[in-house]
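Report on one structure; see the data block that follows.
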Amino acid sequence: MRITMSATIRSLFFWLVTLHGLAANGAEVDFAHDVVPLLKQQCSKCHGGSQKKGGYSINVRESLLAGGESGVAVVVGQSKQSELYQRITSSDDSLRMPPEGEPLTARQFELLARWIDEGATWEAGFSFGPRL
């Protein structure tokens, strides 16, 4: 009976850990903990604070969505149609963002795509800098 009970407990533990992992992967993207650090690290040097290269600012949600000289940057709910997503995933060095350094990772692509597909939520009052 001990062997069967021990095997049952191990099996139950395995399934609980597996289900927890699946639930965590399906969780909504956390703007403050996932998106803000990524945008700050990868985009704010050229598009945050007082910087607005290409007419594009990520300071507030409205300007992040609106885009710059290339047109609308984010089509809420449609990451693959969003210029932002197309730029970060581009293999063309003249289009890829960020233009210098390493490209974003597959995990970062997926994170931003999920955030856009989920509505590109933004915490009220949050800003990378002044509205430009």
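All of the numbers you see were taken from the coordinates with simple rules; none came from a lab. Owing to the predicted nature of the structure, the values given are computational and were not obtained by experimental measurement. Ideal geometry is used to build each Cβ from the backbone, glycine not excepted, and the neighbour counts take in all protein chains shown.
What list do you get for 93, 30 if you sort them by fewest beta carbons within 10 Å? Working shown, then result.
Details: 93 9, 30 12.
Listing 93, 30 from fewest to most nearby Cβ atoms yields 93, 30.
Please give, to one decimal in nm, the separation of the simple spin-label points placed at residue 62 and residue 131, each 7 Å out from Cα toward the Cβ.
Result: 0.3 nm between the two label points.
Expected output is a single nm value to one decimal: the length gained when fully extending between residue 38 and residue 81, i.e. 0.36 nm times separation in residues minus the C-alpha distance. What is it?
13.5 nm is the gain from fully extending residue 38 to residue 81.
On full extension of the chain, what length is gained from residue 106 through residue 28, given 0.36 nm per residue of separation minus the C-alpha to C-alpha distance?
26.3 nm
Using DSSP to call loops (not H, G, I, E or B), can you name the GluC sites (Glu not before Pro) in the stretch 20-112 whose Cβ has at most 16 other Cβ atoms within 10 angstrom? Each step should come with its number before you reach the end.
Values: sites: 28, 62, 69, 83, 100, 110; in loops: 28, 69, 100.
Answer in residue order: 28, 69, 100.
At q = 0.23, 0.24, 0.25 Å⁻¹, work out log10 I(q)/I(0) for the stretch 41-132 with the Debye formula, treating every Cα as an identical point scatterer and leaving solvent out; two decimals please.
Rounded to two decimals, the profile gives -1.33, -1.44, -1.53.
Report, in debye and to the nearest 20, how large the dipole of the stretch 29-117 comes out about its Cα centre when Lys and Arg carry +1 and Asp and Glu carry -1 on their Cβ.
Here the stretch 29-117 has a charge dipole of around 160 debye.
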